[in-house]
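This report concerns only the one structure given below.
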Amino acid sequence: MLQLPKPTTHPKPLVSLAESYELCRQITEKYSKTFYLGTLLMPRAKRQAIWAIYLWCRRTDELVDGPQARSTTPETLDNWERQLESVFAGNPIEPADVALVDTLEKFPMDIQPFRDMIAGQRMDLYRSRYETFEDLKLYCYRVAGTVGLMSSAVLGYDRGDRSAPWCKNQSVYIPREEAIDLGIANQLTNILRDVGEDTHRGRIYLPIEDLERFNYTTDDLFKGVNDDRWKALMKFQIDRAREYYESAERGIRALNPDSRWPVWSALLLYQGILDVIEANDYDVFGRRAYVPLPRKLLYLPVAWLRSQAL
């Protein structure tokens, strides 16, 4: 765990702490409505911290996928990593950094997942194809599995009642792999939802080996061919994503009780996108899959019941 050094100087803040957290909240609500809904179920300090992490992740992603992505170079990402190091040292550089510095003080975490996410953006600079699922899995870990690790420090773990003599020497279970798997599941869902948008940018995230398995070509993909081959390919991809969600579910019980309902909600809400893709007959070329608000609200009591029983 990286220890945060105390800043030696106290420059005038860029914005107040409240203003910085409000900026994080607004951006999260605007760009990730499903995720935002889940965070509202968290205690105030935890949801603010998650918003701060989300905004850093979004800013990182936009370096490669945002409006100014054409001007991004490896040096741009080098500079971004140096700014990250400054934040971890307690020295904010931009308004959003103020909230992240506060989050790191309240919920100490390792810098490595943040570095790994930047490494994922480096992959996007020079790769537009993934030959195998193992190649794609590394990418998914870096750009999304890392989010699970970052968030875990905020969500906390169930330490239970350790007053009994036979419990004192028991270690607390840390669901690290399950947290990574939830991030990978979310990223695989993003990939399936955004196939059409990605092809317009010349990118293919579906493993080439999987396309070949179903005799579906990259030319078919760019043309948006939705036939039996495509449906079989998509069923295969959706089943894989669901396996990662199932793995992630097994780790939720190990979280702090006040984090279980929000995480179950976020998981079910995001997994619901897969159901919509199926309902849309796997047309991700001309239709964007999203879960309507009434259906989102129906997931919440189901998530609450699971957080109590599982």
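Counting only protein heavy atoms, what percent of the accessible surface of the chain is carbon or sulfur at a 1.4 Å probe?
On the way: 8110 of 15400 Å².
Carbon and sulfur atoms account for 53 percent of the accessible area of the chain.
Given the -39500 (n - 2.57) contribution per DSSP H run of 4+ residues, what per-residue ellipticity at 222 nm results for the chain, rounded to the nearest 500 deg cm²/dmol? Don't jump to the answer; show the numbers that get you there.
Details: 15 runs with 205 residues, N = 310.
That comes out to -21000 deg cm²/dmol.
At 1.4 Å probe radius, can you tell me the per residue accessible area of the stretch 232-310 in Å²? Present the calculation step by step, with values, prior to reporting the outcome.
Working: 3760 Å² over 79 residues.
Per residue, the stretch 232-310 has 48 Å² of solvent-accessible surface.
Note down the relative contact order for the chain as a percent, whole number, built from C-alpha pairs under 8 angstrom at least six residues apart.
Working: 379 pairs, mean separation 59.4, N = 310.
After rounding, I find 19 percent.
Starting from the Kirkwood radius over alpha-carbon pairs of the stretch 31-108, derive D by Stokes-Einstein at 4 °C in a medium of 1.567 mPa s and give it in µm² s⁻¹. All intermediate terms of the calculation are to be shown ahead of the outcome.
Working: Rh = 13.5 Å.
In µm²/s, the coefficient is 96.
Roll a 1.4 Å probe over the protein heavy atoms and report the accessible area of L298 in Å², nearest 10.
120
Top to bottom by accessible area (1.4 Å), largest first, where do R129, R253 land? If you can, show how the numbers build up before the last one.
Details: R129 80, R253 110 Å².
My answer, sorted largest first, is R253, R129.
Report the accessible area of V101, computed with a 1.4 Å probe over the heavy atoms of all protein chains in place, in Å² rounded to the nearest 10.
10
Label S128 and E105 with points 7 Å out from Cα along Cα→Cβ: what is the distance between them in nm?
4.5
Among F214, F107, F35, which one shows the highest mean-square fluctuation when the chain is modelled as a Gaussian network with alpha-carbon springs under 10 Å?
Maximum fluctuation in the GNM of the chain, among the listed residues, is at F214.
Greater than 28 Å separation of Cα atoms is the criterion. Which listed pairs, K106/K296; K137/K231; K30/K296; K106/K137; K33/K137; K223/K296, meet it?
Details: K106/K296 31 Å; K137/K231 22 Å; K30/K296 16 Å; K106/K137 31 Å; K33/K137 25 Å; K223/K296 32 Å.
Listed pairs above 28 Å: K106/K296; K106/K137; K223/K296.
Calculate how large, on average over all directions, the projected area of the Cα convex hull of the stretch 153-310 is; give the answer in nm² to one decimal. Working shown, then result.
Values: hull surface 45.1 nm².
Seen from a random direction, the Cα hull of the stretch 153-310 projects 11.3 nm² on average.
What figure in square angstrom, to the nearest 10, would you give for the accessible area of I174 with a 1.4 Å probe?
80
Can you tell which of L40, P67, Q26 lies farthest toward the positive end of the dipole of the stretch 21-72, using +1 and -1 charges on the Cβ of basic and acidic side chains (Lys, Arg; Asp, Glu)?
Comparing the listed Cα positions along the dipole, L40 ranks first.
Across all directions of projection, what mean area in square nanometres is found for the Cα convex hull of the chain? Numbers along the way, then the final one.
Numbers: hull surface 71.0 nm².
That works out to 17.8 nm², a quarter of the Cα hull's surface.
Using a 10 angstrom cutoff on alpha carbons, build the Gaussian network for the chain and name the most mobile of G272, G120, G286.
Per the Cα network of the chain with a 10 Å cutoff, G286 tops the list.
Name the residue, out of Y139, Y126, Y21, whose mean-square fluctuation peaks in a Gaussian network model built on the chain with Cα pairs under 10 Å.
Checking each option, the largest mean-square fluctuation is seen for Y126.
Mind putting a number on the dipole of the stretch 209-278 about its Cα centre? Charges go on the C-beta only, +1 for Lys and Arg and -1 for Asp and Glu, and I need it in Debye to the nearest 20. Provide the component values of the computation, followed by the final result.
Working: 10 positive and 14 negative charges, 59 e Å.
Value, rounded to 20: 280 debye.
The values are calculated or read from the model by the stated rules, or taken from the named source; none is laboratory data. All values reported here derive from a predicted model rather than from experimental measurement. Note that each Cβ is placed from the backbone with ideal geometry, even for glycine, and that neighbours are counted across all protein chains shown. What goes into the accessible areas is simple: the full protein's heavy atoms, side chains included, and nothing from ligands, DNA or RNA. Shrake-Rupley method; radii C 1.70, N 1.55, O 1.52, S 1.80 Å.
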